[in-house]
Amino acid sequence: MATELAPAPSPAGLIVVRPRRQSTAAWPLVDRVGYWLCWATGIALCLIAVAIVLFMLVKGISYLRPSLFVQSPAPSLQQSQAGGFLDPIVGTVILTALGTAIAAPTGIALATWLSEYGRPPLLARAVESAIEMIAGIPSVVLAIFGLLVFSQTALGFLSQKAANGSVYGRSFFAAGGMMAILALPLIVGATREALSQVPDRMREASYALGKTKASTIWHVLFPAIRPGMASGVALGMSRIIGDTAIVTILLGATLTNEGVGSLPVIGTLRGTGSTLTSYVYNNSPAGEGNAHEKAYAAAFVLLMLVLALNALVTRLTGGRRERASGRSGDSRLIRLGRLVWTR
Amino acid sequence: MDPLIPPPVRRIAVERDPRIAAPPPPGANGAETAQTPLAAGRRRMARPEGIGARERMRIESVWLAYGENWVVRDVSLPVRQGEVLALIGASGSGKTTLLRSLNRLTEVTAGAARAGRIALDGQEIHDLEVNDLRRRVSMVFQQPNPFPMSIFDNVAYALAEHPARGGRRRRRSAELEQAVADALRRAGLYEEVAGDLGRSALKLSGGQQQRLCIARSLAAGPEVLLLDEPCSALDPISTATIEELIVGLRESVAIVIVTHNLQQAFRVADHVAFMHLGDLVEYGPSEQVFDRPTKQRTRDYISGAFG
Amino acid sequence: MAVPSGAPHRAPRRAAAGKDQRAERTLGALAACVLLLIAAMVVTVFINAWPSFSHNGLSWFGSGGDVDTQLRSMEEASPLPGHSPYYFRAWPLIWGTLLTTLLAVLIALVVSTLAAIFLTEFAPRPVRRALEPVIRLLAGVPSVVYGLIGILALAPFINDHLISNARKASVAYVVQLNGADLMTATLILSVMITPIMVALIASALSVVPITWREGSIALGVNRWRTVVRVSLRTARPAIVAATVLATARALGEAIMLAMVAGSHGFPANPLDGITFLFEPVRPLAATIVQASGALTISTVAHTLYAMAAVLLVSAAMLSFAGWAAKQPLKRYGIRA
């Protein structure tokens, strides 16, 4: 039965069987039903997503006119004809910028403290729990809390005073502040995840060269985790852009962005306005405008904006070639899952 | 013959089977078979080929490939119940691949290909339903891998999922309990765990876990048991226990064991197949392969010239 | 090695340690500030909720009268006869919240688990690569867009095709059925919370040790049963975490539900049979949004803060329930 050692390169004359994925034909019926259900849900999810995108595409493009981008909303009886959504777009940009400007440094600093320092441990655990709690708080609750805070007389400079002396409490500042809290958990989570991926030997190498911890963090770690930080910030931004409750309650719900006072930038930030989200809400049957066409058009723009931002996040998290933990075989979706599930 | 062949530490002692003739006393064979250190002190009866051993699987001219690499080339072997077949060879010799092809586990890897014929009780295994085949030809892996369940659930696992029962799991029925107890006894684990079968299987020691895996494989009543280096992750005492277990099981189940440990092969095997770089270099009864190998390469491997 | 002469050596280590300590203290202070802010928020919400609770007692959670009437009476500062200005019975809202949240989470749990199994086990590679961006897309759609689609597309569809005129007539004396109802709300809510659950469960399924999966396959157990008996069991902590996360999301969803679930705070009655699915509901969070215009009035404000307090407590209880559900699994070596 023994063969000589001279290797024959291929089995001449014999049939080669390359087995394919095993069929489920011989499975019991119960198992086959489960298998088909899995396929059905997968296909159904695809169909739903396609339906949503197509629907918004069709409706949005049919009602989208270039003039909408440059005209401010104008109150009129013929809502479907008059005005565009320039102000809401500007409002979205301002609010997102403000919210991110507050949340990004805070979030990164918090994540760095939690990951690199974390003493005393009790404080660290408390902060971790607090961040997790924020992630679970509905944005409505944040909104009405924000109203309470910014209605205090002491903070009247951040919005405007009404005729009877009480503080209005609704402004870009107020909404921006609360939006920052909204985005904080995402930024903290992404930055912590990125920091945990940096191998310890990088830190040790820097300490061995005599660098302080702060210097190490600033000069070594931050450049290394730039994609992770950026993706966290982008996630936070897309969360801010997509939120409506805080805007509805804290931005005053005026059609146009009305500044307060004479200072150029601060005046706008102290004033009220609208964003794309509140614009869509107000123009839908749930709001007062009842102009479906404008709602569709604005919703389409909003959707494209958010999807573009999420695609950017994907590119940032998926583009990394080297992964310290060796989980390079994972799909981006699964990495997204781990990112959100921060423990 | 070869002063480099290390003498065995111990041969497994087994009760003498009266049907088998006693081996010739040492030295009676004449000059051609000078007694080697390997043969000295042997107490185990090797079962002469063909007597009392029933052929269970037949491997005929099997070629196995991953992608375009032929990992196993033109191997033919019989697998018999009542004896232990050891596949030995250096890393990369294809022995593990050959073992995994016996229960079609190679198909899980994309790009695997096979030529030749492997028959279980005369039936080509490719024609059998794959899950049915795997219940009849069961495998124990190198790393003990008990499921994160209780000991009872682990052993009952294959039984509980048997589609013949309509897929219904009848927990703790008397039938199931009996089967689990039997399997644990055959694996030599029953006394140690009988007190609490609901304990987590992960709390057992390494040797116990491996015996649990063997019990799990035995529970479904397989005809062939495949062992892929079962003791390489275990300490010597657990290894000895499992080796005794293996030899004890050989009457009821055909056993194929892959091992890179030559001493282990010597201790437990009745037939040995030596593979090198995908080819079957030598196959024969273990005394013949270890004491009087016919090929130079076998001699080199056994004497430790490479490995 | 020659020592450079001239410039005196500073003591770098001490200066560096000082810098480090400063950095650590600053960051620690920042962390403490954030913590205080969160704590202050929780405390403030409860303080402002107290008047509403104290005037209504435990029957705040009970039923009695129409929520919309009660809110309107607060807005108009004309208390209902025989009741305090804070009179409020939140049961219809609580019931609406429970219904939409539990039903949506139940549907999403089943769908997500099946989809996650599909993604990790059965989907061929090209299908998997197509499905992942789909899930990410669904996760990224803002809730107001979901609400728009719901109110302008799904609700009319349900109204025209699923609710017969006879059914509408049968309950017309109590409530209007117009498609903005429990079914629409639940369906859209399920779609909203499915993506994140799929991501989490698929992530957990993908890290089940291959030794277990291979061991099960080698025992002759087919892929479906292997997934159900081994992988799902191992992934149970993740499934619990995903459910908690999804429930929290569903609880807090305000805008989409405000647009879609019906503007009538009506307690849908399961004894109505199939009509139950078509009755309008209004969950707590949606009510806060819809009544927020009148937040300047103190009675309304206190009532809304009371609702927010209920939401906060529910979110906290959810977190705890999730933690508690994972403890027994540690016994069998399934680590979260």
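The values are calculated or read from the model by the stated rules, or taken from the named source; none is laboratory data. Please read all numbers here as calculations on a predicted model, not as lab measurements. Here the Cβ is made from the backbone with ideal geometry for all residues, glycine too, and neighbour counts use every protein chain on show. Calculation scope for accessible area: heavy atoms of the full protein, side chains included, ligands and nucleic acids excluded. Shrake-Rupley method; radii C 1.70, N 1.55, O 1.52, S 1.80 Å.
Data for the structure
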{"read-out": "³J(HN,Hα) computed for each position of the range A:42-50 - Karplus, 6.51 cos²θ - 1.76 cosθ + 1.60, integer Hz, glycine/proline x", "value": "x, 5, 4, 4, 4, 5, 4, 4, 4"}
{"read-out": "The range C:73-150-the range B:173-199 distance, computed between alpha-carbon centres (Å)", "value": "48"}
{"read-out": "Solvent-accessible area buried by pairing C with B, both sides, nearest 100 square angstrom, 1.4 angstrom probe", "value": "2200"}
{"read-out": "Chain pair C, A: total accessible area buried, heavy atoms, 1.4 Å probe, Å²", "value": "7400"}
{"read-out": "Among A:Cys46, A:Leu98, A:Gln71 the positive-end extreme of the charge dipole of the range A:27-162 (Cβ point charges)", "value": "A:Gln71"}
{"read-out": "Calculated from backbone phi, Karplus (6.51, -1.76, 1.60) coupling profile of the range A:185-191 in Hz, x at Gly/Pro", "value": "x, 5, 5, 4, x, 5, 5"}
{"read-out": "Between the range B:239-289 and the range A:151-225, the alpha-carbon center distance in angstrom", "value": "65"}
{"read-out": "Among B:Val193, B:Cys213, B:Val180 - extreme Cα towards positive end, dipole of the range B:171-222, charges at beta-carbon", "value": "B:Cys213"}
{"read-out": "For the range A:141-208, alpha-carbon Rg relative to the globular expectation (2.2 N^0.38 Å, N residues)", "value": "1.82"}
{"read-out": "Rounded accessible area per residue of the range A:104-262, 1.4 Å, Å²", "value": "38"}
{"read-out": "Solvent exposure ordering (accessible area, 1.4 Å, most first) of C:Arg213, A:Arg119", "value": "A:Arg119, C:Arg213"}
{"read-out": "Where only alpha carbons of the range B:178-232 are counted, the Rg and the Dmax (Å)", "value": "11.1, 31"}
{"read-out": "Orientation-averaged projected area, Cα convex hull of the range B:188-307 (nm²)", "value": "8.5"}
{"read-out": "Sequence-distant residues sharing a close amide H with B:Arg104 (under 5 Å, placed H)", "value": "none"}
{"read-out": "Exposure rank, largest accessible area first [A:Met229, B:Met275, C:Met183; 1.4 Å]", "value": "C:Met183, A:Met229, B:Met275"}
{"read-out": "Most positive-pole-ward Cα, A:Ala224, A:Leu209, A:Ser278, against dipole of the range A:197-329 from beta carbon charges", "value": "A:Leu209"}
{"read-out": "Accessible surface ranking that places the most exposed of A:His292, B:His271, C:His161, B:His276 first, with a 1.4 angstrom probe", "value": "C:His161, A:His292, B:His276, B:His271"}
{"read-out": "Accessible surface of the range C:108-250 [probe 1.4 Å, protein heavy atoms]: carbon and sulfur percent", "value": "64"}
{"read-out": "Exposure of B:Cys213 as accessible area (Å², to 10), given a probe of 1.4 Å and all protein chains", "value": "0"}
{"read-out": "Percent RCO, i.e. relative contact order, over chain C, from Cα pairs under 8 Å lying at least 6 residues apart", "value": "25"}
{"read-out": "Area buried, chain B against chain A - accessible surface, total, 1.4 angstrom probe, square angstrom", "value": "2000"}
{"read-out": "Accessible area of A:Leu309 in the full protein assembly, 1.4 Å probe (Å², nearest 10)", "value": "30"}
{"read-out": "About the Cα centre, charge dipole magnitude for chain C (Lys/Arg +1, Asp/Glu -1 at Cβ), debye", "value": "1980"}
{"read-out": "Cα centroid separation - the range A:229-255 against the range A:81-108, whole Å", "value": "7"}
{"read-out": "Inter-chain shielding of B:145-157 (mean C-beta neighbours from other protein chains, 10 Å cut-off)", "value": "4"}
